[in-house]
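A.B. asks: First the structure, which I've put down as C-alpha cells, then a few questions once you've had a look.
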Amino acid sequence: MKKYCFLTLIFWLSLAVKAQIVNDAETFSLENDSLCMKLDSLLSSSLFETSQVGLMVYDLTADTALYRYNHRQKLRPASCMKLVTSITALDQLGPKYEYQTRIFYTGEVRDSTLWGNIYCVGGFDPMLTQDDVITLAASIRNLGIDSIRGQIVADRSFKESLDYGEGWCWDDDNPMLIALTIGRKDNFTSTLAEEISRLGINLEGVQLMQGRTPENAKLLDVCCHSITQVLERMMKVSDNFYAESMFYQTAASVGHRFATADNARNVTRKLINRLGLNAGNYRVADGSGLSLYNYVTAELLVTLLRHAWRTPSISKALMPSLPVAGVDGTLKSRMQKTLAQGNVRAKTGTLTGISSLAGYCTARNGHELAFAIINQGILDKTSGKAFQDRVCQVLCGEDLGVKGVKEVLTPKGMSVARNKGVKKGAKATKSRQSARSARKPRGKRR
C-alpha cells in the first residue's frame, strides 16, 4: 500500500513538473512574441528608408537568439570596435596583464658619475603621468650618482613606426601612436631629463636621442599599469588613444620585436574563427573604430559579447568598464528615468553617418541579454541614438506605447528598408521565425 501511494505521488509530481515546464515555455514564447512585436514597430519607420540598421538580441540565460534584423549586414561599427579590441585583448592577454615602461642603464658608476647611457623603453602605456616620471627619475638617483656622462635614449621599438591607424581621416585631430609619451605628447625623455636635473644630477653634455636598448643593459626600474586600469577609461569615455595602445599590446603578444597592426588583426581573426564565425567576412583595420575601413556585423558583436559573458575572467574585467545608462561614461545622459537606467551596460559608437550601441541588459523576466545595434547612413546622430535608446527600453521591459515610438520615429504603412513590396511586418516576422529555429532548450612599480 505504501509503495502504491509513493508511486502515485511520484506520478502526480512528474505531471506537475511537466505542466510547469510547459507553462514556463509558453510564458517565454509569449514574452518573446511581445518583444518582437515592439521591435517590429520601432523598425517600421521612415528612418530606415534612407538608412541602414543591423540589430541582434540574444538571450544569454536561455542561450537562444531572440531577434535578428540585418544581423549579417556588414557595417562600420565606429567606437563599438573597442568591444572587439577589448574582448580580444582580454582573451589573449588575460585580465592580469600589465603595461610596462622600463628604465635601463649601461656603463658603470665611478666617483658618483654614471659613465654610460640611460635607456627608456616604451611599452605604449597611455597612462604614463608626470608623477610616474618623477618616480623613475628617483630610481636613477638611487644609483648613487650626481652626474651622467652619456645619453638619455628613447627606445620606441615596441611597435612599428606608423603614427596613425589605417583608414583614419587626414583632417581629424588624432593623437600620434607613439610607444613612449606623457599625456599623448612626445616629451618623455625631455620630461625625464628635467626631473633628473631637479634631483641635483648634473646632465651637462647629455644628449636626448632615439635608439635601441643593447642586450647588456641593466634593468633599473619598471612602471606598470594594469589592463583593467586602461580598459576603464578606454570604454567609459571611449578614449581612442587607449584603444590603440590595447590593440598593439595584443599585437606584441605574438612575440615579434616590432608589434604591428597586422599582428593584432591576425590575433583578432583567430578568435573570430575560434568562436565559429568566418573572419574573412569582416574587416579589422584599427583598435579604436576611427578607421573607415572597419566592417563588422551585429552578429559578430553579439558573438563576442556572448564569449565574454560565459568566460568569467573576461566578464569580470569587461563589465565594470562599460558605460551604464543614465549613470556614467558616454551613456550618462541617455535613457534617464527609464527602466534602462542603471540596467543597460553598453559601448557607444559615433562617427559621421554612424551610430552604434552594443552591450548587455537584464530583461523583465530576469534573463540576461546581449544586444548589438549599428545604424549607418544617419546624418542626424540623435535619431540613431534615440532609436537605440528605445530598443533598450523595450529589452528592459518598458512599454513605450504609440507615443513612445512616435517620439523618435515616423511610422509609415510601408518601409522600403524593411521590405520591397512586402506587407509591413513580414520581414521581421521571418526574422523572428529564424531566431526561434535557432533556439536550444597611478602606475605601480615593480
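Readers should treat all values here as calculations from the given coordinates under stated rules, not as data from a laboratory. These numbers come from a predicted model, not from an experiment. Here the Cβ positions follow ideal geometry from the backbone for every residue, glycine too, while neighbour counts run over all protein chains shown.
A.B. asks: Starting from the Cα of Lys185, draw a straight line to each of the aspartates and glutamates and keep only those under 13 Å, dropping any in the same chain fewer than 8 residues away.
C.D. replies: List returned: Asp125, Asp163.
A.B. asks: Run down the aspartates and glutamates and flag those whose C-alpha is under 13 Å from the C-alpha of Lys385, throwing out any fewer than 8 positions away in its chain.
C.D. replies: Qualifying aspartates and glutamates at Cα under 13 Å: Glu407.
A.B. asks: Using the basic label-point model (7 angstrom from Cα toward the beta carbon), what is the Asp163 to Ser147 distance in nanometres?
C.D. replies: About 3.7 nm, to one decimal.
A.B. asks: What FRET efficiency would be calculated for the residue pair Glu108, Arg257, taking the C-beta separation as r and a Förster radius of 30 Å, to the nearest 0.05?
C.D. replies: 0.65
A.B. asks: For a protection proxy built on the mean count of beta-carbon atoms within 10 angstrom, sort 375-386, 214-225, 277-288 highest first, please.
C.D. replies: By packing density, highest mean first, the sequence is 277-288, 375-386, 214-225.
A.B. asks: Now, a different point. Fewest Cβ neighbours within 10 Å first, please rank Met37, Met335 accordingly.
C.D. replies: The most exposed by this proxy come first: Met37, Met335.
A.B. asks: Output the relative contact order of region 98-226, whole-number percent, from Cα pairs under 8 angstrom with separation of 6+ residues.
C.D. replies: Here the relative contact order equals 39 percent.
A.B. asks: Going down the list Lys74/Lys96; Lys270/Lys381; Lys96/Lys236; Lys96/Lys159, which pairs span over 27 Å between their C-alpha atoms?
C.D. replies: Going by Cα-Cα distance, Lys74/Lys96; Lys270/Lys381 fall outside the 27 Å limit.
A.B. asks: With a 10 Å Cβ neighbour count serving as the proxy for reagent exposure, in which order, fewest first, do Trp115, Trp170 appear?
C.D. replies: Numbers: Trp115 15, Trp170 6.
Sorted ascending by nearby Cβ count, the order is Trp170, Trp115.
A.B. asks: What per residue convex hull volume, in Å³, comes out for region 287-353 when only alpha-carbon positions are used? Before the final figure, lay out the partial values.
C.D. replies: Numbers: hull volume 8.0 nm³, N = 67.
Here the figure is 119 Å³ per residue.
A.B. asks: What is the gain in length, in nm to one decimal, between Asn278 and Ala138 on full extension, counting 0.36 nm per residue of separation less the C-alpha to C-alpha distance?
C.D. replies: 45.3 nm
A.B. asks: Mind checking which aspartates and glutamates have their Cα closer than 14 Å to the Cα of Lys347? Skip sequence neighbours fewer than 8 apart in that chain.
C.D. replies: Cα-Cα hits under 14 Å: Glu232, Asp239, Asp328, Asp389.
A.B. asks: Another question about this same structure. Roughly what would the spin-label model give for Arg72 and Asn187, points 7 Å off Cα along C-beta, in nm?
C.D. replies: About 5.2 nm separates the two model spin labels.
A.B. asks: Please report the relative contact order for region 221-273, taking Cα pairs under 8 Å with a sequence separation of at least 6, and give it as a percent rounded to a whole number.
C.D. replies: 21 percent
A.B. asks: Here's another thing I want to ask about it. How big is region 42-198 in terms of Cα radius of gyration and Dmax, in angstroms?
C.D. replies: Rg and Dmax of region 42-198, Cα atoms, are 24.1, 81 Å.
A.B. asks: Between Leu219 and Gln52, what's the calculated FRET efficiency when r is the beta-carbon distance and R0 is 45 Å? Round to 0.05.
C.D. replies: Details: r = 53 Å, r/R0 = 1.17.
Step by step, r from the Cβ atoms, then E = 0.30.
A.B. asks: Only residues of region 292-312 count here: report those whose backbone N is under 20 Å from the spot 7 Å along Cα→Cβ of Asp328, or say none.
C.D. replies: Under 20 Å, as judged by backbone N against the label point of Asp328, lie 309 of region 292-312.
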